[in-house]
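Everything on this sheet refers to the single structure shown next.
The values are calculated or read from the model by the stated rules, or taken from the named source; none is laboratory data. Fair warning: this is a prediction, and the values are worked out from it, not measured in the lab. Note: ideal-geometry Cβ built from the backbone for every residue, glycine included; neighbour counts use all protein chains shown. Just so you know, the surface numbers come from the protein's heavy atoms only, side chains and all, with ligands and any DNA or RNA stripped out. Shrake-Rupley method; radii C 1.70, N 1.55, O 1.52, S 1.80 Å.
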Amino acid sequence: MRACLQSLTRQNDVSFEIIVVDNGSADGSADLADRFAATVIRNPENRGFCAANNQGIAAARGEFIALLNNDAEAEPDWLAALHRACSKRADVGMAASKVLVWENPQRIDKAAHLIFPDGQNRGRGAGALDTGQFDREEEVLWPDGCAAMYRAEMLNQIGGFDEDFFAYGDDAELGLRARIAGWTCIYAPDAVVRHHRGATMGKGSAQRLRLIERNRVLLAVKLFPWTLLWLNPFYFAMRLLAGAAMAGRGEGDTAHFPGLRGKWQMAAAIVRGDLAALRLLPKMLRKRADLARIRRLRPAEVRRLILSHRLSWKEVA
């Protein structure tokens, strides 16, 4: 976190305040933040990524609100580049960063997001060598929440992060909800950060996988058009088959769960995630009905938006 906050002190050409939300840490992080931040919010327990971000958003006074995870370090022009992108048009509610792998900045961690039609989302270009293929400013689906900017007016209209998600997939839910409400997202290639991937729980965490699976289902139930939602089991099966094929070669996400025991851990985490999602389905269906208040895109337009930014089998596996 020290390196993250130091990177903010080096930002150029933009006026900003720093707000740190400490989620019940016991290692002196909050005291460290006091030396850098205008505001430090101290939670006595871990309230999750969503609730903590909402606390920070509520305390912010700016027209635009940037998020930066404490496992990310921003280049000096990061904040100014996001601000330029968000300021281009009145309908731009979000700006996405170019996120590089901290250990190997020649590789892309994510350059905005893509989605598979079952609700699983992933960074655009994840793992690819950075050869300039993502150096063009363009409209994208939504930003990754580890390093993003949001227009405060948009958040006031549609609401902040859905706290039922706790963590993982929450930026996708907020981003798709914003798109349904008629806002757009611009990718700013000059807004560069370096990110320690999976630093919060670890890539091989069964708890992380359980939350990702649960939130995949919740996102689809809450936001997908019915024409895609009915096909969700089919797309989910396709994704599992693609993952199984990669596992046979020791590649893909399954590599983080080695051996037969690891595969059982993966399967158990997915089942637990689906069962947890089932318990929240009535609540998500009520939230789905509430979307009428902010909806600007028709269901057919949402379907086209999702399918035009879809992940391939190989990318999703």
Leading residue by the ranking (modelled with the highest pLDDT) among those in segment 256-275 that are farther than 24 Å from residue 218 by Cβ and loosely packed, with under 15 Cβ neighbours inside 10 Å: 264
Filter pass, residue 81 being closer than 12 Å to residue 190 by Cα and buried (at least 18 other Cβ atoms within 10 Å of the Cβ): yes
Close pairs (6 angstrom Cβ cut-off, 6 or more residues apart or separate chains): free of Cβ contacts under 8 Å to residues at least 60 places away in the same chain in segment 10-21, of a type in the set (Val, Ile, Thr) and outside any loop (DSSP other than H, G, I, E, B) anywhere: 19/39; 20/40; 21/41
Residues located in segment 97-115, provided they are of a type in the set (A, V, I, L, M) and under 16 Å from residue 75 (Cβ atoms): 99, 100, 101, 108, 111
Helices (runs of 4 or more DSSP H) wholly inside segment 167-245 that include at least 1 residues being in contact with a Lys or Arg (Cβ under 6 Å, 6 or more places away or on another chain), closer than 20 Å to residue 49 by Cα and in contact (Cβ under 8 Å) with a residue 24 or more places away in the chain: 206-223
Test: residue in segment 159-177 that is buried (at least 18 other Cβ atoms within 10 Å of the Cβ) and among the hydroxyl-bearing types (Ser, Thr, Tyr): yes
Residues (surrounded by fewer than 24 Cβ atoms within 10 Å (Cβ to Cβ), charged (D, E, K, R) and closer than 17 Å to residue 143 by Cβ) located in segment 88-117: 88, 89, 91
Hits in segment 26-52 (condition: crowded, with 16+ Cβ neighbours inside 10 Å, more than 15 Å from residue 68 (Cβ to Cβ) and not aliphatic (A, V, I, L, M)): 43, 47, 48, 50
Residue check for residue 126: of a type in the set (Gly, Ala, Ser), surrounded by fewer than 22 Cβ atoms within 10 Å (Cβ to Cβ) and modelled with pLDDT under 95: yes
First in segment 93-117 and under 17 Å from residue 175 (Cβ atoms), second anywhere and open to solvent by less than 20 Å² (accessible area, probe 1.4 Å) and acidic (Asp, Glu), Cβ under 8 Å, 6 or more apart: 96/144; 97/144; 99/109; 99/144; 110/144; 112/144; 113/144; 113/171
Residues located in segment 36-76, provided they are within 16 Å of residue 195 (Cα to Cα) and assigned to a loop (DSSP other than H, G, I, E, B): 69, 70, 71, 75, 76
Total residues in segment 54-92, condition of a type in the set (D, E, K, R) and free of Cβ contacts under 8 Å to residues at least 60 places away in the same chain: 1
